[in-house]
Amino acid sequence: MNKSIKVFAPGSVSNVGCGFDILGFAIDGIGDEMVLSKNDSNKLHIKPIEGYDNLPTEPSKNVAGVAIQALLDDLGSNQGFDIEIKKNIKPGSGIGSSSASAAGAVVAANELLGKPYSREELVNFAMQGEIAASGDAHADNAAPTVLGGFCIVRAYDPLDVIQIESPKDLWCVVIHPQIEIKTKEARKLLSPKVDLKKAIRQWGNVAGLISGLHKSDYNLIGRSLEDHIVEKQRKVLIPEFDNLKQAALEAGALGCSISGSGPSVFALCEGEDKAKAVSSAMNEVFSKTTIPYFIYTSQVSNKGVRILE
Ligand code: ADP
């Protein structure tokens, strides 16, 4: 059995417009790289993190350590691991920075332990890692990062995740302004009450979006991507949100909304050409600001965490 393994853990978009807290998908354009090696110390050791050196390296505070510990506790193992993280996804980006580390860590550890768990079972452990990031064990980023494609988190008790393969021509553009919005803070903006009429439109959209994904009906996907509840409350945190959305839709995006709790904004598109046009339209809007930003354009990833070597 191998002593060491390298993995790529993709970024992810959660909420996906109408699917607040229950829906997410994996993106191929950006992700973290991680190397896990077995050690003989019976302890987890996180090396200084490449990319973002202000992240905690104490295993109980880093999502990678917490997620692996949850797996080891369930397995009844005291195997030690050295964990190297090359962080490409900025923390607090809204594109699943913490989930990428948690998911990459458990997939890699599971491989080195002889695969005692299925990918579906690993979602549970990756989700435990999220407690270290936001105080909550949520799976809307962790599930697509582990499994790939779109994931519906139907229920938590017990965890019930449904994976849907992404239609083959579905592309995603994500613009990531380099400001940090912590999930915890963005949650404080949300009203605990939902107007019944808005809720009815919202679950109509969720049903439409899921059907559109199953039937590869891009028009239906586009019609269903609207969020009547959360976007309005959170968009105040995101510079140029309305202009970005308008530019993306005018350039032919199927829909556009906040990725996770922001500041990233995503647009779904049919085909690469449309995605490139949307990317340049969003670029045009944001280039007028003084805020640094990145734009990623890629297919929705059906793979989730990939083993590199
Ligand atoms: P994101 O949606 O980008 O994951 P969150 O606000 O949910 O943003 O998570 C970021 C928080 O998680 C930060 O406070 C960060 O310190 C903490 N964290 C702990 N371990 C990691 C890790 N390995 N990668 C990223 N963030 C981590």
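The values are calculated or read from the model by the stated rules, or taken from the named source; none is laboratory data. Nothing here was measured: the structure is a model prediction, and the numbers come from that model. So basically every Cβ, Gly included, is an ideal-geometry build from the backbone, and we count neighbours across all protein chains shown.
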Open item on the list: Going through Asn88, Asn54 one at a time, which residue ends up being in contact with a Gly (Cβ under 7 Å, 6 or more places away or on another chain), closer than 30 Å to Val265 by Cβ and modelled with pLDDT under 95?
Closed with: Asn88
TODO: Could you list, in sequence order, all residues of the stretch 176-200 that are within 16 Å of the ligand (Cβ to nearest atom) and acidic (Asp, Glu)?
DONE: Glu180, Glu185
Open item on the list: more than 12 Å from the ligand (Cβ to nearest atom), surrounded by 23 or more Cβ atoms within 10 Å (Cβ to Cβ) and over 23 Å from Ile307 (Cα atoms): which single residue out of Val173, Val123 fits that description?
Closed with: Val173
Open item on the list: Looking at (1) modelled with pLDDT of 95 or more; (2) more than 14 Å from the ligand (Cβ to nearest atom); (3) in contact with a Phe, Trp or Tyr (Cβ under 6 Å, 6 or more places away or on another chain); (4) not acidic (Asp, Glu), which one does Ala67 not meet, given that it meets all the others?
Closed with: (2)
TODO: Can you work out which of the residues in the stretch 85-99 that are within 13 Å of Asp28 (Cα to Cα) and near the ligand (Cβ under 7 Å from one of its atoms) is farthest from the chain's Cα centre (by Cα)?
DONE: Ile89
Open item on the list: Need a quick list: strands (runs of 3 or more DSSP E) entirely within the stretch 1-73 having at least 2 residues that are in contact (Cβ under 8 Å) with a residue 40 or more places away in the chain and under 18 Å from the mean Cα position of the chain (by Cα).
Closed with: 4-14, 23-39
TODO: Would you be able to tell me the number of residues in the stretch 138-163 that are surrounded by fewer than 18 Cβ atoms within 10 Å (Cβ to Cβ) and either in a loop (DSSP other than H, G, I, E, B) or not hydroxyl-bearing (Ser, Thr, Tyr) (or both)?
DONE: 7
Open item on the list: Quick test for you: out of Ala109, Ala100, Ala132, pick the one residue that is of a type in the set (Gly, Ala, Ser), surrounded by fewer than 24 Cβ atoms within 10 Å (Cβ to Cβ), in contact (Cβ under 8 Å) with a residue 40 or more places away in the chain and in a helix (DSSP H, G or I).
Closed with: Ala132
Open item on the list: Name the residue that is surrounded by the fewest Cβ atoms within 10 Å (Cβ to Cβ), counting only residues in the stretch 39-62 that are out of contact with any helix residue (DSSP H, G or I) (no Cβ under 9 Å at 6 or more places or on another chain) and of a type in the set (Gly, Ala, Ser).
Closed with: Ser41
- [ ] For Tyr52, state whether it is aromatic (Phe, Trp, Tyr), at negative phi and near the ligand (Cβ under 10 Å from one of its atoms).
- [x] yes
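Evaluate the following for Leu36: is it crowded, with 22+ Cβ neighbours inside 10 Å, more than 7 Å from the ligand (Cβ to nearest atom) and more than 28 Å from Ser259 (Cβ to Cβ)?
No.
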